[in-house]
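Below: one structure, written as structure tokens.
The values are calculated or read from the model by the stated rules, or taken from the named source; none is laboratory data. Every value quoted in this text rests on a predicted model; they were computed, and no experiment measured them. Here Cβ is always computed from backbone atoms with ideal geometry, including for glycine, and neighbour counts include all displayed protein chains.
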Amino acid sequence: MAAAHLSHVDDLFEGRRAELVPGGGHVRILASVRSVRPATGDRGDLRDGDGLATWWLARGEDQLPPVGEWLTAAEHSRAAGLRYTKRRNDFLLGRWTLKLAVARAFGWQDDPAVLARVEARPAPGGAPRLYVDGRPAARGVSLTDRAGCAVCLVAARPGKVGCDVEIVEPRSDAFVRDYLTEPERRAVAAAGPAGDKAANLIWSAKESALKVLETGLRRDTRSVEVTVAELNPPERTWSPLEVGTTEGAVFPGWWRQSGPFLVTACWPGGGPPPAALEAESPIDTMAPSHRWVERPVT
Ligand SMILES: CC(C)(COP(=O)(O)OP(=O)(O)OC[C@H]1O[C@@H](n2cnc3c(N)ncnc32)[C@H](O)[C@@H]1OP(=O)(O)O)[C@@H](O)C(=O)NCCC(=O)NCCS
């Protein structure tokens with residue numbers, strides 16, 4: 001992909017003008033990103049001629065229903081085997097969010113019997129593979145959770161996609177030095193008071209890319225480099241980013257802030273921003289929760 005040394009980029013998305021990260025060096029802007037139009041949310045209207053179409057859904061742990069018919073037998077036993085509250089909650093919240101997202105992306109009802117048809121099974125490296133009625137389903141999916149909030153990304157067709165949610169929280173100098181590349185470190189330094197936001201955003205986009213690569217943190221986090229078009233776009237809108245690998249691959253992506261929550265997503269070839277599966281997302285009014293601390297073991 002061609003790299004452009006630009007100070008401003010017009011009309012990246014929704015006619016907004018994108019400011020580049022100050023001092024962050026050049027930012028590569030993809031032609032496919034420029035041509036993006038907001039997805040309508042109407043699942044029937046989504047075409048992937050301009051890249052891969054995806055949908056997203058978030059759920060908070062306050063919304064999680066009790067263990068019940070919505071789980072498969074295998075999920076029931078997996079949950080029962082998780083003794084630590086955090087791991088069990090994370091597992092259940094992630095599964096429930098994925099089931100809802102997939103059901104809605106297919107245009108199905110989200111009653112418990114339908115949700116039980118949908119399952120994410122881990123590939124050997126941990127990446128989720130979508131199954132419906134016990135058979136592999138032709139959709140890429142990615143899952144993430146942080147501080148009581150889970151997010152699922154569902155793709156319109158098979159493919160490796162990655163999403164990640166983080167909160168804006170303090171990140172040490174050592175974290176930035178050890179896990180970020182030199183241009184990323186400069187971007188964090190140039191962000192000034194927004195340095196923690198920049199560090200968490202870059203970290204999140206790295207995790208999204210490492211999920212696309214299906215290595216997770218087995219791979220050096222400095223082998224993927226994040227560029228962000230604009231560090232302070234309006235909240236609750238998707239804004240472009242890009243992740244490049246040392247091998248030369250490029251994953252165009254998107255990020256979105258809701259208060260303390262940062263959500264990132266990327267995939268090879270890019271595409272329109274993830275389309276919402278509901279009019280308003282609960283993440284937009286959610287507070288980070290660490291309730292498991294009160295009762296660490298079930
Ligand atoms: C992928 C990884 C970076 C995500 O870390 P995280 O921030 O703690 O967790 P998130 O909530 O954002 O994502 C977790 C989800 O990522 C997905 N995931 C796990 N491994 C994955 C991989 N190799 N590729 C793509 N997705 C992966 C799973 O769906 C997982 O949820 P699940 O286990 O309930 O299905 C991390 O789990 C990892 O590096 N895994 C592989 C190596 C490993 O297990 N290392 C041990 C820790 S270093």
Only one of Pro183, Pro136 is more than 20 Å from the chain's Cα centre (by Cα), surrounded by fewer than 19 Cβ atoms within 10 Å (Cβ to Cβ) and assigned by TED's automatic domain parsing to the domain that holds Trp55. Can you tell me which? Pro136
Number of the exception - Glu169 against (1) more than 9 Å from the ligand (Cβ to nearest atom); (2) outside any loop (DSSP other than H, G, I, E, B); (3) closer than 23 Å to Ser289 by Cβ; (4) not β-branched (Val, Ile, Thr): (2)
For region 276-292, pairs from a residue that is within 16 Å of Glu166 (Cα to Cα) and modelled with pLDDT under 95 to a residue that is in a helix (DSSP H, G or I) and charged (D, E, K, R), with Cβ under 7 Å and 6 or more apart or across chains, are Ser289/Glu61
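Among the strands (runs of 3 or more DSSP E) contained in region 184-298, which hold 2 or more residues that are within 14 Å of the ligand (Cβ to nearest atom), in contact with a Gly (Cβ under 6 Å, 6 or more places away or on another chain) and not charged (D, E, K, R)?
Working: elements: 224-228, 239-245, 250-258, 261-266.
In region 184-298, the matching strands (runs of 3 or more DSSP E) lie at 261-266.
Which residue, of Trp96, Trp70, is in the same structural domain as Arg117 (by TED's automatic domain parsing), within 15 Å of Asp110 (Cα to Cα), modelled with pLDDT of 95 or more and in a helix (DSSP H, G or I)?
Values: Trp70 fails: in a helix (DSSP H, G or I).
Answer to the check: Trp96.
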I'd like the full set of residues that are near the ligand (Cβ under 7 Å from one of its atoms) and not polar (S, T, N, Q), limited to region 113-149. Ala120, Pro122, Gly125, Gly126, Ala127, Pro128, Leu143, Asp145, Arg146
If you go through region 269-295 one residue at a time, how many are surrounded by 18 or more Cβ atoms within 10 Å (Cβ to Cβ) and either closer than 28 Å to Leu180 by Cα or touching a Cys at 6+ places or on another chain (Cβ under 7 Å) (or both)? 7
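Does region 155-180 hold any residues that are farther than 18 Å from Leu213 by Cα and either among the hydroxyl-bearing types (Ser, Thr, Tyr) or within 22 Å of the chain's Cα centre (by Cα) (or both), and which are they?
Step one: filter region 155-180 for residues farther than 18 Å from Leu213 by Cα, giving 156, 166-178.
Result: Ala156, Glu166, Ile167, Val168, Glu169, Pro170, Arg171, Ser172, Phe175, Val176.
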Just checking, how many residues over region 99-143 are of a type in the set (Ser, Thr, Tyr) and in contact with a Ser or Thr (Cβ under 8 Å, 6 or more places away or on another chain)? 1
Residue match in region 192-203 (condition: at pLDDT 95 or above, touching a Ser or Thr at 6+ places or on another chain (Cβ under 7 Å) and surrounded by fewer than 23 Cβ atoms within 10 Å (Cβ to Cβ)): no
